[in-house]
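These notes are about the structure you will find just below.
Nothing in this text is a laboratory measurement; each read-out follows from the coordinates by a stated rule. Since this is a predicted model, take the numbers as computed values, not measurements. Cβ placement follows ideal geometry from the backbone for every residue including glycine, while neighbour counts extend to all protein chains displayed.
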Amino acid sequence: MRLDSLYKDSILRIDTLFYAKFIPFDREIFRKSKINLRKTLTASHNPPIRRNLNNYLIFIWAFVIALLILFFKNAYALQYRLINKAWFSSISFNEFFTTQTSVFTNSKLLTWLIISQSLAMGLFVFIKSSYAFQDTPDLLLVLYVSGFTILLMLINQWLKNVFAFAFSQPALNKDYAIIYRIHAYSASLVLLPILLMVYYSSTMNLRLIIIVIMVVYMMLVYATSIFKFVFSGRFLQNQSNFILILYLCAFEILPLLVLIKSINTILAYD
């Protein structure tokens, strides 16, 4: 009865609804809230900020190395084809040896530059992953690491030349340097994409992985170069096998042992 009495009431018949444009949210308020949320998450470091994010130097660095490889292929097509096959083909290996004259000095320097930059990139990733030199700008650190790697390779090569000249073994240094350059260049082509993949992945222990990659790279290059040098016939062509053994121990095996000892010390204090 109460509902029937209210049915004819005028208040119930008044339509208070009206049509208006539906606004789901205020865009300005939403934009400011997202900015504040981003600032809050950045300041809280939760989750921890990956130091390889928003870092395009590694990508640009790898792109420059790729341009050097393309330039090497276009400018020295014969040398590019031979050095890519010399590590597994004996025909290409012997042909590459015979073509290493003063005419192809620029191609030799170009391959050494590619090798040094690949190693410098690995060293830079190791430094960034170890949270060292945080106050140094990344671009300046790249220049330091790149210059240090090139200088270290120049000093090493100069010491080899002094050793070969002191013992009248010019062919010893030349032959082994060519073999080492073949394997170091081929391994650098594999090292470059591996470094990029590991650096831009979500791996937690980046430092340890980079150490393992660099040590495996150095051991692989040194081991294959020494074995190739010994079993390629160049070993027997030298004047003194005793001098050759001293040469390999002083400039190849000893630096590798020092490197492994240094890595063990770094991991012990990690």
Students often get this wrong, so check it: of K85/K261; K108/K261; K128/K261; K228/K261; K73/K174, which have C-alpha atoms separated by over 29 Å?
K85/K261; K108/K261
Tell me, in nm to one decimal, what length is gained between F227 and L151 on full extension, where the rule is 0.36 nm per residue of separation less the Cα-Cα distance?
24.7 nm
Taking a label point 7 Å from the Cα of L220 along the Cα→Cβ vector, which residues of region 58-99 have an amide N closer than 15 Å to it?
87-88
Based on the Cβ-Cβ distance of K261 and T136, what FRET efficiency does E = 1/(1 + (r/R0)^6) give at R0 = 25 Å, to the nearest 0.05?
0.40
